[in-house]
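Asks: Here it is: the structure, laid out below.
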Amino acid sequence: MFHNYLQVAFRNLVANRLYSFINIIGLAVGLAACVMIALFVRDELSYDKHWDKADSIYRLHTTFNIPGREPMHSVHAAGPAKHAFLEYFEQDVVATSRIRTFSTVVKHGDQALFESIQWTDPETADIFNFDVIAGSMKDALDDKSSIAVDRSFAERYFGTTEALGEVVNVNIYDITRDYKVAAVFEDFPENTVLDIQAFVAIDEADFVNQRWEFEQWYSTNVYMFFELKPGISIDSINDRSAAFLDTAIQIDPDAGAFTKASDFLEVRAQSIKDIQLFPQGRNGSEMKPTGSMTSVIIFVAIAVLILLIACINFMNLATAKSTQRAREVALRKVLGAHRGQLVAQFIGESVLVALIGLAVGVALVELLINPFSDFIGKSLALDYSDGATIALLLGLVAFVGAAGGAYPALVLSGFLPARVLKANKSAETSGSASLRNALVITQFAISIGLIVATSVVYGQRLYATSKDPGFSKENILVITNLSRSGMRDKQEALRQQVEQIPGVLKTSLAPDTPANGNTGNTNLIREGESDKESMLIGRQVVDHDFFDLYDVELLAGRFYDRARETDGTPLEENATDGEQQVGTLILNEAASYRMGFASPTAAIGERVRMGLGPNREAMMEIIGVVRDMQFQSMREPMRPEMYQLRTDFYLDLSIKFEGDAQPILREVEAIWRGLAPEVPFDYGFIDDRIEEEFAREEQQSVLLAVFAGLAIVIACMGLYGLASFTAERRTKEIGIRKVMGASVFDIVRLLIWQFSKPVLVANLIAWPLVAYGMVSWLESFPYRLDSWIIVPLCVVAGLIALMIAWATVGGNAARVARANPIKALRYE
Amino acid sequence: MLKLHNLSKVYRTDEVETVALDNVNIEIESGEFVAIMGPSGCGKSTLLNIVGMLDSSSSGDYVFMGENVAGYPESKLSNIRKQNIGFIFQSFNLIDELTVEENIELALLYHNIPANVRRERVAKVMDKVGIAHRAKHMPSQLSGGQQQRVAVARAVVGDQAMILADEPTGNLDSAHGQEVMEMLQALNAEGTTIVMVTHSPAHADYARRTINLFDGHVVTENLRAAV
């Protein structure tokens, strides 16, 4: 009997080639998309679960709650927190450890390269587990002239992992030191938020001139991890975090607006397992780009939707086709088949098709997994030896097969043989027709929703990256690392030579450049007001040429002037305790209002007190107010800012140019190499930086577009199959209509209208859902598309869906409409 | 009304050539009632389809109302057909999804007739064939005789000059069959030309002339004295 079923199944597949093709390809594409998304999601969910102590490793985050401002969240902690936290939570915490990544210059032999190296505390070796190839992590981290490197680093620099005792020279700030390799460990897996290649020990004495790095409470630069003792709940730590801060940080209640640290500071712990999917910091504040639970949910939803569309095709075509097999069912019944046997036969057939679909789908996955992995920046692979993967695949097939086969199986097996055999006409029930309609509506609603979502995501990215940031961002090249030893004393020479390059229009040595990620703040107090009235205002440091080069609009007053020696910010080093320095300051419009001035013009000539460091301050005259600009990030709301003039230190050289960037870049590099061959050359373009901030949205919009396209293609394949089936079923009706005088056009219109109705209904369902979803999505951006844009997008998506449906159905309808009616009527 | 001159129809497949009609010459006057008889496969239906412009001849002339339509493109034939010819089939060929009323209206739907005029004419013709009380019913709710009456109504609602009936009584019992024949006779009396294919000599007797076909040839033509 099984042989007979199999034979019938295969003959049916071959006889109905079109339907088999649509079914199998549709299902294969759906399954392939599902499998790839499942691999992606599984990878995202696996982040940092592999540490031996994963359940007890947490990271301490800091929030500054400054009155009148949005809270500033940071995933970093202040350097002193390491000791203070362990001391306060001695009963609950096993160990604390800081990790601080520096971009260093590493020299080995005659090559000098930029490398990110992590400064850390010895406890890191206890909290995280390392797969040590040679040496000992403990030894490496207990000695300030030792370095622990990972396999890739060792192989890159020494050509072998047997690198113990090898030496590299590392430069950061004032440190230029030979580090001896004391440990080599296996590269970290990709599924961790830690991006580590080499560790050296923190010695706070190395940073006496950079006390903000590890010693100051209000400067958060380090990732601070800690290990919780068994049985301690993280809530009990978070609950006591305010008390911890008030114990650790002593505030002079008379000095400022706050009486205790917890009035404006907050720390909270996050499990290392949650960092990847619930990132709490700003864009770019983790060691490498994180994912997000939203993306995971979006992709799971897409996978489910695509699979649903493929399943719907499957059910639709199977149901439609099944009514043509009524005679076979009737005969089997007459010959004694039980209903159960028939149900088993039909479900079996659909599982068989699903299996073939799976085979094709797996082939597709193998074909596409590498490009997909490259695109999302992961290395995913289908592992056939993995039980979970196999179970997932077979589970999908069983589900799709059973779901697709169930309805036709139940309907068909319920046919009454006598009626079927006698009636000699299609035994379709109105139930299966309306089910099919509902399924087509679902498919198109999904497709329309995906089209709208794709265009909104794309539009938002376009909007955000093309929005006027308040300064000129085109044709600006930024050369970084001017403060490295070797280049520090040649900055002016570099600038002068660069200005000679044809095509270079302007240069600026402003230390802060747009979108460089600096988020510093400084307190300002209006003259005559008490310290309690202080306002924390964003701080960017510029030079004389900055505003001219970046084409920033002046609203009132004037820009900094080289001819006036009094212009600028006094240096902390030059100040003495208690003495008040003087200087000049430029604010943006938002800052002038924040300071309480009635207008930009009203602020000119007014004076504000500004902190320079502990017990040192300066009285600054406001000489100019500029238009608000998006100095930091298009992802963040515009903030009140001051632009301090400093000429004592430079980090970057901004170059405004015209024409082709590449030849200019080559000449700049040649100049750099001539001046400081031992310092690596590094650069960026301002407009690229701004676009990079939206890389995730860009990636999402491309993926969404691909998957929306897939969904539509699969839905159309289904519609095509269904349309040809329906046309076949309506042959007699079409024949009659033609005899009655209907033209080919009349018939095509009739059939197209039949399939337009479900698409129109699909629009009505999709529009409110997708509008709601996209409006919520847009709300996460401070600068976003007007929500009303979704209305025309919905209409356009609806029209696209309709056109696609027409194109799909039209050709088939025309063919049917042209057929000679007498055949339809005679052999009825 | 129409004139067939040396009309032939040949069906070809890859292997076989079947001659369905072989040099047929027939002339039918306006207002005639003609029965076409002959054994299965003699070409009756093919002839009827060609006359009804649902099929085209392989060679020969077909002059319809003074116009040689042989070789006309489909759209042109379709226009002539819908103006002048009504059809009645053995298996009724009503659309299952439409009501009686809508099925009859179908014949006017493609004629650019305003909806209110259409409804009027449908109502009138339903009265005429005695099916008005079933106007809102579906074909599946009707008996065979009633279904064929709907088909007749559909054939005449457009005031067609000629009705082609392909074994109109083939699926009906004798009482219902007679009913339909009487209806056709009445229509003929009002001036409609009727061409009917039938197997039943009794029903052929309703016609004024009988054409006998055999293997694609016209073998005899019997003219009956006016009834």
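Asks: Could you count how many residues in region B:188-215 are out of contact with any Lys or Arg (no Cβ under 8 Å at 6 or more places or on another chain) and under 21 Å from B:Asn49 (Cβ atoms)?
Replies: Selection size over region B:188-215: 14.
Asks: Looking at region A:115-174, which of its residues are in contact with a helix residue (DSSP H, G or I) (Cβ under 7 Å, 6 or more places away or on another chain), of a type in the set (A, V, I, L, M) and more than 26 Å from A:Glu227 (Cα to Cα)?
Replies: A:Ala163, A:Val168, listed by residue number.
Asks: While we're on this one: Output the residue which, of all residues in region B:7-29 that are among the charged types (D, E, K, R) and outside any strand (DSSP E or B), is surrounded by the most Cβ atoms within 10 Å (Cβ to Cβ). Please lay out each step first, then the result.
Replies: Of the residues in region B:7-29, the ones among the charged types (D, E, K, R) are B:9, B:12, B:14-15, B:17, B:22, B:27, B:29.
After this cut, where a residue has to be outside any strand (DSSP E or B) as well, the list is B:14-15, B:29.
Values: B:Asp14: 4, B:Glu15: 5, B:Glu29: 12.
Out of the qualifying residues, it is B:Glu29.
Asks: I've got another one for you. Residues that are free of Cβ contacts under 8 Å to residues at least 60 places away in the same chain and within 18 Å of A:Arg484 (Cα to Cα): list the strands (runs of 3 or more DSSP E) wholly contained in region A:90-157 that include at least 3 such residues. Write out each step before concluding.
Replies: Working: elements: A:93-108, A:111-120, A:132-135, A:146-150.
Filter on region A:90-157 gives an empty set.
Asks: Yes or no: A:Val795 at pLDDT 85 or above, within 33 Å of the chain's Cα centre (by Cα), surrounded by fewer than 21 Cβ atoms within 10 Å (Cβ to Cβ) and more than 30 Å from A:Arg282 (Cβ to Cβ)?
Replies: Values: at pLDDT 85 or above: yes; within 33 Å of the chain's Cα centre (by Cα): yes; surrounded by fewer than 21 Cβ atoms within 10 Å (Cβ to Cβ): yes; more than 30 Å from A:Arg282 (Cβ to Cβ): yes.
It is true that A:Val795 is at pLDDT 85 or above, within 33 Å of the chain's Cα centre (by Cα), surrounded by fewer than 21 Cβ atoms within 10 Å (Cβ to Cβ) and more than 30 Å from A:Arg282 (Cβ to Cβ).
Asks: Here is a further query. Kindly provide the set of residues from region A:247-257 that are crowded, with 16+ Cβ neighbours inside 10 Å and either at pLDDT 85 or above or aromatic (Phe, Trp, Tyr) (or both), ordered by number.
Replies: Of everything in region A:247-257, those that are crowded, with 16+ Cβ neighbours inside 10 Å and either at pLDDT 85 or above or aromatic (Phe, Trp, Tyr) (or both) turn out to be A:Ala248, A:Ile249.
Asks: Can you spot a residue in region B:201-222 that is buried (at least 20 other Cβ atoms within 10 Å of the Cβ) and within 17 Å of B:Val100 (Cβ to Cβ)?
Replies: Among the residues of region B:201-222, not one is buried (at least 20 other Cβ atoms within 10 Å of the Cβ) and within 17 Å of B:Val100 (Cβ to Cβ), which makes the answer no.
Asks: From A:Glu553, A:Glu579, A:Glu589, A:Glu573, which residue is crowded, with 19+ Cβ neighbours inside 10 Å and charged (D, E, K, R)? Talk me through it step by step, then tell me what you get.
Replies: Details: A:Glu553 fails: crowded, with 19+ Cβ neighbours inside 10 Å; A:Glu579 fails: crowded, with 19+ Cβ neighbours inside 10 Å; A:Glu573 fails: crowded, with 19+ Cβ neighbours inside 10 Å.
Within the list A:Glu553, A:Glu579, A:Glu589, A:Glu573, the selection yields A:Glu589.
Asks: Another one. Among residues belonging to region A:188-227 that are out of contact with any Lys or Arg (no Cβ under 9 Å at 6 or more places or on another chain) and of a type in the set (A, V, I, L, M), point out the one that is farthest from A:Ala95 (Cα to Cα).
Replies: Among them, the one singled out is A:Val208.
Asks: Could you check how many residues of region A:184-208 are more than 16 Å from A:Val170 (Cβ to Cβ), among the aliphatic types (A, V, I, L, M) and in contact (Cβ under 8 Å) with a residue 12 or more places away in the chain?
Replies: Total meeting the criteria: 3.
Residue-by-condition table, conditions (1) closer than 20 Å to A:Leu509 by Cβ; (2) touching a Gly at 6+ places or on another chain (Cβ under 6 Å); (3) assigned to a strand (DSSP E or B):
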{"site": "A:Arg609", "(1), (2), (3)": "no, no, yes"}
{"site": "A:Leu612", "(1), (2), (3)": "no, no, yes"}
{"site": "A:Ala618", "(1), (2), (3)": "no, yes, yes"}
{"site": "A:Glu621", "(1), (2), (3)": "no, no, yes"}
{"site": "A:Glu636", "(1), (2), (3)": "no, no, no"}
{"site": "A:Met642", "(1), (2), (3)": "yes, no, yes"}
{"site": "A:Thr647", "(1), (2), (3)": "yes, no, no"}
{"site": "A:Tyr650", "(1), (2), (3)": "yes, no, no"}
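Asks: Follow-up. May I ask you to verify whether A:Gly109 is crowded, with 18+ Cβ neighbours inside 10 Å and on the phi > 0 side of the Ramachandran plot?
Replies: On the way: crowded, with 18+ Cβ neighbours inside 10 Å: no; on the phi > 0 side of the Ramachandran plot: yes.
Judged against the criteria, A:Gly109 is not a match.
Asks: Given A:Leu722, A:Leu778, A:Leu751, A:Leu760, which one is surrounded by fewer than 17 Cβ atoms within 10 Å (Cβ to Cβ) and not acidic (Asp, Glu)? If you could, list the steps in order and put the result at the bottom.
Replies: On the way: A:Leu722 fails: surrounded by fewer than 17 Cβ atoms within 10 Å (Cβ to Cβ); A:Leu778 fails: surrounded by fewer than 17 Cβ atoms within 10 Å (Cβ to Cβ); A:Leu751 fails: surrounded by fewer than 17 Cβ atoms within 10 Å (Cβ to Cβ).
Exactly one residue qualifies, and that residue is A:Leu760.
Asks: So for region A:391-404 (the condition being more than 30 Å from A:Leu435 (Cβ to Cβ), surrounded by fewer than 12 Cβ atoms within 10 Å (Cβ to Cβ) and either at pLDDT below 85 or of a type in the set (Ser, Thr, Tyr) (or both)), does at least one residue qualify?
Replies: There is no residue in region A:391-404 that is more than 30 Å from A:Leu435 (Cβ to Cβ), surrounded by fewer than 12 Cβ atoms within 10 Å (Cβ to Cβ) and either at pLDDT below 85 or of a type in the set (Ser, Thr, Tyr) (or both).
Asks: Among the numbered criteria (1) free of Cβ contacts under 8 Å to residues at least 40 places away in the same chain; (2) within 14 Å of chain B (Cβ to nearest Cβ), which one does A:Gly709 miss?
Replies: (2)
Asks: With the structure loaded, tell me whether A:Ala727 is more than 11 Å from chain B (Cβ to nearest Cβ) and surrounded by fewer than 15 Cβ atoms within 10 Å (Cβ to Cβ) or whether it fails that test.
Replies: Numbers: more than 11 Å from chain B (Cβ to nearest Cβ): yes; surrounded by fewer than 15 Cβ atoms within 10 Å (Cβ to Cβ): no.
For A:Ala727, the condition - more than 11 Å from chain B (Cβ to nearest Cβ) and surrounded by fewer than 15 Cβ atoms within 10 Å (Cβ to Cβ) - is not met.
Asks: Only one of B:Val125, B:Val152, B:Val219, B:Val129 is β-branched (Val, Ile, Thr) and farther than 25 Å from B:Asn84 by Cα; which?
Replies: Working: B:Val125 fails: farther than 25 Å from B:Asn84 by Cα; B:Val152 fails: farther than 25 Å from B:Asn84 by Cα; B:Val129 fails: farther than 25 Å from B:Asn84 by Cα.
Result of the check over B:Val125, B:Val152, B:Val219, B:Val129: B:Val219.
Asks: State yes or no: is A:Val222 of a type in the set (A, V, I, L, M) and not in a strand (DSSP E or B)?
Replies: On the way: of a type in the set (A, V, I, L, M): yes; not in a strand (DSSP E or B): no.
Judged against the criteria, A:Val222 is not a match.
Asks: Would a scan of region B:175-197 turn up a residue that is touching a strand residue (DSSP E or B) at 6+ places or on another chain (Cβ under 8 Å) and of a type in the set (Gly, Ala, Ser)?
Replies: Checked region B:175-197: no residue is touching a strand residue (DSSP E or B) at 6+ places or on another chain (Cβ under 8 Å) and of a type in the set (Gly, Ala, Ser).
Asks: Pick out the one residue from A:Glu669, A:Glu678 that is over 30 Å from A:Ala301 (Cβ atoms) and touching a Phe, Trp or Tyr at 6+ places or on another chain (Cβ under 6 Å). Show your work before the answer.
Replies: Details: A:Glu678 fails: touching a Phe, Trp or Tyr at 6+ places or on another chain (Cβ under 6 Å).
Answer to the selection: A:Glu669.
Asks: Check whether at least one residue in region A:209-221 is of a type outside the set (Ser, Thr, Tyr), touching a Ser or Thr at 6+ places or on another chain (Cβ under 8 Å) and surrounded by fewer than 18 Cβ atoms within 10 Å (Cβ to Cβ), and report yes or no.
Replies: If we filter region A:209-221 for residues that are of a type outside the set (Ser, Thr, Tyr), which is where we start, we get A:209-217, A:221.
Restricting the remaining residues to those that are touching a Ser or Thr at 6+ places or on another chain (Cβ under 8 Å) gives A:212-213.
Now restrict to residues that are surrounded by fewer than 18 Cβ atoms within 10 Å (Cβ to Cβ): A:212.
Yes, there is a match, as at least one residue in region A:209-221 is of a type outside the set (Ser, Thr, Tyr), touching a Ser or Thr at 6+ places or on another chain (Cβ under 8 Å) and surrounded by fewer than 18 Cβ atoms within 10 Å (Cβ to Cβ).
Asks: When residues of region A:756-810 are filtered for being touching a residue at least 24 places away in the same chain (Cβ under 8 Å) and part of a loop (DSSP other than H, G, I, E, B), how many remain?
Replies: 5
Asks: Looking only at region A:484-503, which residues are closer than 22 Å to A:Tyr560 by Cβ and surrounded by 15 or more Cβ atoms within 10 Å (Cβ to Cβ)? Quick ask: steps written out before the conclusion?
Replies: Here is the first cut: in region A:484-503, the residues closer than 22 Å to A:Tyr560 by Cβ are A:491-492, A:494-496, A:498-499.
Passing the criteria: A:Gln491, A:Leu494, A:Arg495, A:Val498.
Asks: Give me the pairs: first residue in region B:71-85 and surrounded by fewer than 14 Cβ atoms within 10 Å (Cβ to Cβ), second residue in a helix (DSSP H, G or I), beta-carbon distance under 8 Å, and six or more apart or on different chains, which are they?
Replies: Listed by first residue and then by second, the contacts come to B:Ser75/A:Val744.
Let's see how each residue does on (1) acidic (Asp, Glu); (2) within 30 Å of A:Gln443 (Cβ to Cβ):
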site: A:Phe21; (1), (2): no, yes
site: A:Ser46; (1), (2): no, no
site: A:Ala54; (1), (2): no, no
site: A:Ala78; (1), (2): no, no
site: A:Asp92; (1), (2): yes, no
site: A:Glu115; (1), (2): yes, no
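Asks: Checking B:Lys124 against (1) modelled with pLDDT of 90 or more; (2) more than 11 Å from every other protein chain (Cβ to nearest Cβ); (3) crowded, with 16+ Cβ neighbours inside 10 Å, which test does it fail?
Replies: B:Lys124 satisfies every listed condition except (3).
Asks: Tell me which residues, restricted to region B:142-188, are over 24 Å from B:Gly31 (Cα atoms) and in a helix (DSSP H, G or I).
Replies: Within region B:142-188, B:Gly144, B:Gly145, B:Gln146, B:Gln147, B:Ser174, B:Ala175, B:His176 qualify.
The values are calculated or read from the model by the stated rules, or taken from the named source; none is laboratory data. On a predicted model such as this, the values are computed, not experimentally measured, just so you know. Every residue, glycine among them, receives a Cβ derived from its backbone with ideal geometry; neighbour counts consider all protein chains shown.
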